[in-house]
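These notes are about the structure you will find just below.
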Amino acid sequence: MVDFAANRRDLLLAPLLAAAAATLGGGSARAAGVDPTQTIVKLPDQIPWQPLYNFPPGMAEQAPMFGKISDPGQYFVLIRWHPGYMSAPHWYETDRLCVVLSGTWYVASGSDFSAEATVPVPAGSYVHRVAKTPHYDGVKSGIKEPAIIAISGLGPITYHLTDTTKPGWREV
């Protein structure tokens, strides 16, 4: 005769005993670590920040993380907007997929710049910029911290201003 109660007890206890053995040093398993040819890690102090386009210093920076926006194929770039600055209305050839990593990013659509028309997009939010549609963005003055945005898309892209008689940025 099969003792179902004992089998059920053994099935319940087995994972608990295995976990206890691992926790108490009963096993000697080690983590594999990171092979830099297979997993590339960049800590915050290793992010390659550089000026964004030809904007004045202190306004915004970019950090190319994968690919190049000027080359065909996928790219992944971080953008850091400092408070008080925004881009002028512009557009790109392809869609851009954006995630706000920190801070609050202010975005708007259209060719007519108005900082008051922007909407706040807090950290954790997603923004899809549709190809060939004018938009602008940045961080309003009076905000305490910069916004960092992760952007991915397909290159090559060019920053096309909707009004080429004005600079590519606005101080707000």
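Where a number appears in this text, it was derived from the coordinates with a stated rule and is not lab data. None of these values were measured; they are calculated from a predicted model. In this analysis, Cβ positions are derived from the backbone assuming ideal geometry, glycine residues included, and neighbour counts consider all displayed protein chains.
If the condition is being farther than 12 Å from Trp81 by Cα and among the aliphatic types (A, V, I, L, M), then segment 111-152 contributes Ala115, Ala117, Val119, Val121, Ala123, Val127, Val130, Ala131, Ile151.
Scanning segment 154-172 for residues that are more than 17 Å from Val107 (Cα to Cα), within 21 Å of the chain's Cα centre (by Cα) and not in a strand (DSSP E or B) yields Pro156, Ile157, Thr158. Being within 16 Å of the chain's Cα centre (by Cα), aromatic (Phe, Trp, Tyr) and farther than 23 Å from His160 by Cβ is a property that Trp49 has. When the residues of segment 133-153 are narrowed to those that are part of a loop (DSSP other than H, G, I, E, B) and in contact (Cβ under 8 Å) with a residue 60 or more places away in the chain, which ends up surrounded by the fewest Cβ atoms within 10 Å (Cβ to Cβ)? Ranking the candidates gives Lys144 first. Contact map, segment 48-67: first residue at negative phi and surrounded by 13 or more Cβ atoms within 10 Å (Cβ to Cβ), second residue of a type in the set (Val, Ile, Thr) and in a loop (DSSP other than H, G, I, E, B), Cβ cut-off under 9 Å, separation 6 or more or different chains; pairs are Gln62/Ile69; Ala63/Ile47; Met65/Ile47.
Tell me, yes or no, whether segment 60-77 has at least one residue that is out of contact with any Lys or Arg (no Cβ under 7 Å at 6 or more places or on another chain) and over 22 Å from Gly155 (Cβ atoms). No, that holds for no residue.
Inspection of segment 109-122 identifies at least one residue that is among the acidic types (Asp, Glu) and assigned to a loop (DSSP other than H, G, I, E, B).
Report whether or not Thr165 is surrounded by fewer than 16 Cβ atoms within 10 Å (Cβ to Cβ) and of a type in the set (Val, Ile, Thr). So Thr165 fits the description; yes.
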